[in-house]
Amino acid sequence: MSQVDVNIHVHHLTRVEGHGDIVVDVKNGEIKTCRFEVVEAPRFFEAFVRGRPYSELSHITSRICGICSVGHSTASLEATEKALGVQLTEQARLLRKLIFHGEIIDSHVLHTYYLVAPDFFGAHSVIPLVETHRDVVLRALRIKKLSGDLCAMVGGRHTHPCAMTVGGFTHTPGEKELRAMQARLIEARADMDETVALFATLPWPAFERETEYVSLSKPDEYAFIGGQIKTTDGFIYPIEEYQKVTNEWCVPFSTAKWARHNRESYMVGALARFNNNYEQLHPRAKEAAAKLGMKPLVTNPFLNSAAQVIEMVHSVEDSIRIIDELLTRGVKPEAPAPHQVKACEGVGSCDVPRGILFHHYVYDDNGICVRANCIIPTNQNWANVNADMQAFLPQILDRPQDEIRHLLEMLVRAYDPCISCSTHFLNVTFV
Amino acid sequence: MQYAIIGLGNPLRGDDGVGPHLVELLQRRGLPEGVTAIDGGTGGIGLLELLAGWERVVLVDAAEVGCAPGQFVRFTPDQARWDETQDMASLHQAGLAEVLALARALQRPLPPMVIFGVQPERLDWGEGLSPAVEAALPALADAVLAAIDEQP
């Protein structure tokens, strides 16, 4: 290894959600420090939902995040509904899937176009990109508007879906709205093709490190909501046994916790879902994967963003299919499914844009929450991010310091970390 | 004949909520025909879509304009020296300056705009406006409606 000195401190990494620092210290070719420090303030959601009635939980926890509020609402409702034994109607189930797809597209287009793409075009952010790649920016805005409108149509508004409630929805979109939305989604296929073509040309950094990939899995569809926990190391668990996988622990330099299972760390997110459930992708999404040169097992973390492109294609197609099904069945306003309050406990899980999410609640016999545990996907990724950084750094140590810094930034960004989500926990003791 | 009054800001951060509070006041008072008052919130890049399609827009936002709390200054986008954030860390952090810059860069036609910047007293966490800003709302409402009425 070359006898270099490298000193990098990226304070508040840009183009990620939330706040974190990259710290690298290399003396005479020896790596002293190489890590990502999460500095975001803790948010204490698991504490302040205690004492709140079950009907409020999804509305409160949706505030954990702005870009993944549908994901939190969904996991939260899954947990409460399982605890209470509430059965959703088929229509409600379809609508839950539809709004989930809306958020997948919304979040992924934001990440791939606004947060990742600028790195490949030599831009600091989206505004300079407008000068040189106007069509690309216009396309991103179009896709973002479409997905935002889809979420608003089903959830009542773009962010924090107020229409989602225990047992179903307080509002149902009409047939005309659904048809109009479907037409826009069909039209968006052209934008999806352009997106795949664009991301297929990008020079993704060459870096491979196999890890364990963890996601949900279902027998009948590419899993986003419910199912079982599946890992590429061959483990399957019911959702209720999530703690066998997540094993959270605190590290001194981070306000977010880490996780490990079969190996030192594991990865969640689009790439994990792709590696586990590739066979269940829509044919158009598989075509997109082929154009991007992706087939499981993909072990380059930078390609998490490419997996997101594949999922955008899948979600557009599955949304079109779901609307077909809703229209064929005939959509009609439905009151949320009835339920009885009782002392109970439930775990809900969904695979939100950034990875597998768990919400676990315990209620007393008045339906008041007495305990909550939320395991955030980004938290589960930190150990893997750090392992990747430590494996990647020696491979790039001979490059100019500025390039090293940039590549490490791109590596963290590839995970699409939602740092505010990940620093939500209860209390910390530094020993 | 479609005019919009858009109040921007976060009502959970003290006087930053002056925009949404003004919108509420105008909706209570009742608006002239063809005029809509919209709570623009903290929409970031979404503001770009909100601005589209109107004949004339009046924006109201809390702003450092070098005056006493509650006093307001009226200007057009060209008249202001904008402090744009150099590094847009995320779309959530896009403010009015960034949105106008993006619209310019995209060559998106924007309607004629007048902006009212209201000097805040406090921007820390808390609902409700400071007394000075609260007291200024009626005069602000009159000024905003007069601006809508003017010939371009």
Which condition breaks for A:SER62 when tested against (1) surrounded by 17 or more Cβ atoms within 10 Å (Cβ to Cβ); (2) within 14 Å of chain B (Cβ to nearest Cβ)?
(2)
Any chance B:GLN93 is modelled with pLDDT under 80 and farther than 22 Å from A:ASP106 by Cα
no
Cβ pairs under 9 Å, 6+ apart, first in the stretch A:202-216 and of a type in the set (S, T, N, Q), second part of a strand (DSSP E or B):
A:THR211/A:TYR266; A:THR211/A:MET267; A:SER215/A:ILE229; A:SER215/A:LYS230; A:SER215/A:THR231; A:SER215/A:ASP351; A:SER215/A:GLY355; A:SER215/A:ILE356
Taking into account only those residues within the stretch B:39-59 that are of a type in the set (Val, Ile, Thr) and outside any strand (DSSP E or B), which is farthest from the chain's Cα centre (by Cα)?
B:ILE45
Taking the condition over 30 Å from A:VAL214 (Cβ atoms) and not aliphatic (A, V, I, L, M), does A:HIS360 pass?
no
Is it the case, given these coordinates, that A:MET181 is within 21 Å of the chain's Cα centre (by Cα), within 19 Å of A:ILE104 (Cα to Cα) and in contact (Cβ under 8 Å) with a residue 60 or more places away in the chain?
no
Report, ordered by the first and then the second residue, all pairs with beta carbons closer than 9 Å, sequence separation of six or more or different chains, a first member in the stretch A:338-360 that is at pLDDT below 95 and surrounded by 23 or more Cβ atoms within 10 Å (Cβ to Cβ), and a second member that is assigned to a strand (DSSP E or B) and among the basic types (Lys, Arg).
none
What number of residues within the stretch A:65-110 satisfy the criterion of being touching a Lys or Arg at 6+ places or on another chain (Cβ under 6 Å) and surrounded by fewer than 21 Cβ atoms within 10 Å (Cβ to Cβ)?
0
Right, A:VAL10: within 14 Å of another protein chain (Cβ to nearest Cβ), in contact (Cβ under 8 Å) with a residue 40 or more places away in the chain and over 23 Å from the mean Cα position of the chain (by Cα) or not?
yes
When the stretch A:20-74 is examined, which residues are found to be closer than 25 Å to A:VAL412 by Cβ, touching a strand residue (DSSP E or B) at 6+ places or on another chain (Cβ under 6 Å), modelled with pLDDT of 90 or more and small (Gly, Ala, Ser)?
A:GLY71
Mind checking whether some residue in the stretch B:66-74 is in contact with a Leu (Cβ under 7 Å, 6 or more places away or on another chain) and surrounded by 17 or more Cβ atoms within 10 Å (Cβ to Cβ)?
yes
What about B:GLU49, is it charged (D, E, K, R) and away from chain A (no Cβ under 14 Å)?
no
Name the pairs whose Cβ atoms lie under 6 Å apart, with the first residue in the stretch A:283-300 and polar (S, T, N, Q), the second outside any helix (DSSP H, G or I) and at pLDDT 95 or above, and 6 or more positions between them or separate chains?
A:THR299/A:GLU208; A:THR299/A:GLU210; A:ASN300/A:PHE207; A:ASN300/A:GLU208
Looking at A:ARG50, A:ARG43, A:ARG35, A:ARG15, can you tell me which residue is closer than 20 Å to A:VAL116 by Cβ and either within 14 Å of chain B (Cβ to nearest Cβ) or touching a residue at least 12 places away in the same chain (Cβ under 8 Å) (or both)?
A:ARG15
Give the number of residues within the stretch B:97-133 that are in contact with an Asp or Glu (Cβ under 9 Å, 6 or more places away or on another chain) and away from chain A (no Cβ under 14 Å).
18
Which residues, counting only those in the stretch B:26-46, are in contact with a strand residue (DSSP E or B) (Cβ under 9 Å, 6 or more places away or on another chain) and more than 12 Å from every other protein chain (Cβ to nearest Cβ)?
B:LEU26, B:GLN27, B:LEU31, B:PRO32, B:GLY34, B:VAL35, B:THR36, B:ALA37, B:ILE38, B:GLY40
Among the residues of the stretch B:105-114, is any modelled with pLDDT of 90 or more and among the polar types (S, T, N, Q)?
no
Being within 29 Å of A:PHE36 (Cβ to Cβ), of a type outside the set (A, V, I, L, M) and at pLDDT 95 or above narrows it down to one of A:LYS230, A:LYS176, so name that one.
A:LYS230
For the stretch A:133-173, enumerate the residues that are of a type in the set (S, T, N, Q) and at pLDDT below 95.
A:THR159
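The values are calculated or read from the model by the stated rules, or taken from the named source; none is laboratory data. Treat the numbers as computed from the prediction; the structure is a model and nothing was measured. Because the Cβ atoms are built from the backbone with ideal geometry, glycine has one as well, and the counts that use them run over all protein chains shown.
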